[in-house]
Amino acid sequence: MGYRDTSSSGSRLFNTSNPLVMLIIVNAMMFILLNFIKSIYTFSMLSDASFYKNIYNWFAMPGSIEKLMMRPWTILTMQFTELRVFSIISHLFWLWVFGDIIQDLIGNDKIVPVYLYCGLASALAFVVSSNVFFSNEVDFIFFNGTACIVLGLAVSAATIAPKYRFFPLIGGGIPLWVISLVYSLLYISSIGAERVFMIPALASALMGFLFIRSLHHGNDLGAWMNTLVEKLSNIFTPNPKKTKGVKHTAFYHLGGRKPFEKHPNITQQKIDAILDKINQQGYDKLTEEEKKILKQASKEDL
């Protein structure tokens, strides 16, 4: 079993109170943005083909290596790209279920790295499979990997704690490995025999498994991401300068002088009285105030 890491030390990757919420928000924002643009095309009497060509295909990852070289950012954006309403609802629900378990058992700073690793693994597998099995149609194949990533998270969660149970009050609960297995089978069956999508799904699942197994052996594959973001954060977020308040300046640092220094009122009568005291009793019998008066008088040539 694991624990929820709620420490805030360091500047870890996306170190928010709940990075999972951030992932859900990004997915939802991308869905809203793309559908908003699509609605503009619809109201403008433009075809859906124009929307996919001019907008969607700049977010989804192309199968063509030449196009991918021209749009390298799609390796990241395709991980948050979805247009269908029921699909996004399903993805976000299962993302919350499996992601929350991962955060709860191994810490908040692991959910984003494992999400990105599964996305990258599915992206690489998609490029390979599309160019090997569909080389003649590769220019027309595009990929969004949100569903594949959720599959990878399901495998990751089951690898961490396969005996983690849902609904423990109902017959002792349902083990996590059963939930993950059912979800994986349902997703794979929905793909069918399309190898161009089957291979990325299996790659994401394998990456989810390897990430957790590596973590069990003491090797955090996401540590470099956290370190990189920490360094970038230190560069673009300079340390705030400490400013001294008025009270501090006025009462504690006055150029080496005391905050208040008493200057006695010197008169000729006081000086004569001090000199008479010296003649009668000696200099050692003078008080500190009298010595200061005499010293001040010597400076002023009184």
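The values are calculated or read from the model by the stated rules, or taken from the named source; none is laboratory data. Note that this is a predicted model, so its numbers are computed, not measured. Counting neighbours? That spans all protein chains shown, and the Cβs are built from the backbone with ideal geometry, glycine included.
Restricting to the range 140-156, count the residues that are aromatic (Phe, Trp, Tyr) and not in a helix (DSSP H, G or I).
So the answer is 2.
Within the bounds of the range 35-48, is there any residue that is of a type in the set (A, V, I, L, M) and modelled with pLDDT under 90?
Checked the range 35-48: at least one residue is of a type in the set (A, V, I, L, M) and modelled with pLDDT under 90.
So which residues in the range 188-227 are within 30 Å of the chain's Cα centre (by Cα), free of Cβ contacts under 8 Å to residues at least 12 places away in the same chain and part of a helix (DSSP H, G or I)?
Of everything in the range 188-227, those that are within 30 Å of the chain's Cα centre (by Cα), free of Cβ contacts under 8 Å to residues at least 12 places away in the same chain and part of a helix (DSSP H, G or I) turn out to be Leu210, Ser214, His216, Ala223, Trp224, Thr227.
Of everything in the range 10-25, what is modelled with pLDDT of 90 or more and loosely packed, with under 13 Cβ neighbours inside 10 Å? Give them in sequence order.
The one that is modelled with pLDDT of 90 or more and loosely packed, with under 13 Cβ neighbours inside 10 Å: Ile25.
Could you tell me whether any residue of the range 151-158 is assigned by TED's automatic domain parsing to the domain that holds Ile65 and more than 22 Å from Asn27 (Cα to Cα)?
yes
For residues that are aliphatic (A, V, I, L, M) and either touching an Asp or Glu at 6+ places or on another chain (Cβ under 8 Å) or assigned to a helix (DSSP H, G or I) (or both), scanning just the range 54-71, find the one that is farthest from Ser130 (Cα to Cα).
Restricting to residues being aliphatic (A, V, I, L, M) and either touching an Asp or Glu at 6+ places or on another chain (Cβ under 8 Å) or assigned to a helix (DSSP H, G or I) (or both), the top hit is Met70.
Would you confirm whether any residue within the range 109-126 is assigned to a helix (DSSP H, G or I), of a type in the set (Asp, Glu) and either without any contact (Cβ under 8 Å) to a residue 40 or more places away in the chain or within 30 Å of Ile174 (Cβ to Cβ) (or both)?
Checked against the condition, which is being assigned to a helix (DSSP H, G or I), of a type in the set (Asp, Glu) and either without any contact (Cβ under 8 Å) to a residue 40 or more places away in the chain or within 30 Å of Ile174 (Cβ to Cβ) (or both), the range 109-126 yields at least one hit.
Going by what's in this entry, would Leu185 be described as in contact (Cβ under 8 Å) with a residue 60 or more places away in the chain and of a type in the set (A, V, I, L, M, F, W, C)? Before you say what the answer is, go through the steps one by one.
On the way: in contact (Cβ under 8 Å) with a residue 60 or more places away in the chain: no; of a type in the set (A, V, I, L, M, F, W, C): yes.
So Leu185 fails the test.
So Gln103 fits all but one of (1) touching a Leu at 6+ places or on another chain (Cβ under 8 Å); (2) more than 29 Å from Lys163 (Cα to Cα); what number is the exception?
Here Gln103 meets the rest and fails (2).
Regarding Ile141, is this residue over 18 Å from Tyr56 (Cβ atoms) and either in contact with a helix residue (DSSP H, G or I) (Cβ under 6 Å, 6 or more places away or on another chain) or surrounded by fewer than 21 Cβ atoms within 10 Å (Cβ to Cβ) (or both)?
No.
Collect the residues in the range 79-108 that are buried (at least 17 other Cβ atoms within 10 Å of the Cβ) and not in a helix (DSSP H, G or I), keeping them in residue-number order.
Residues satisfying the conditions are Thr81, Glu82, Leu83, Gly107.
Any idea which residue in the range 14-53 is farthest from Lys110 (Cα to Cα), counting only those that are in a loop (DSSP other than H, G, I, E, B) and either touching a residue at least 12 places away in the same chain (Cβ under 8 Å) or among the polar types (S, T, N, Q) (or both)?
Here the answer is Ser44.
Closer than 20 Å to Leu206 by Cβ, touching a residue at least 12 places away in the same chain (Cβ under 8 Å), in the same structural domain as Ala161 (by TED's automatic domain parsing) and surrounded by 22 or more Cβ atoms within 10 Å (Cβ to Cβ): is that true of Phe133 in this structure?
no
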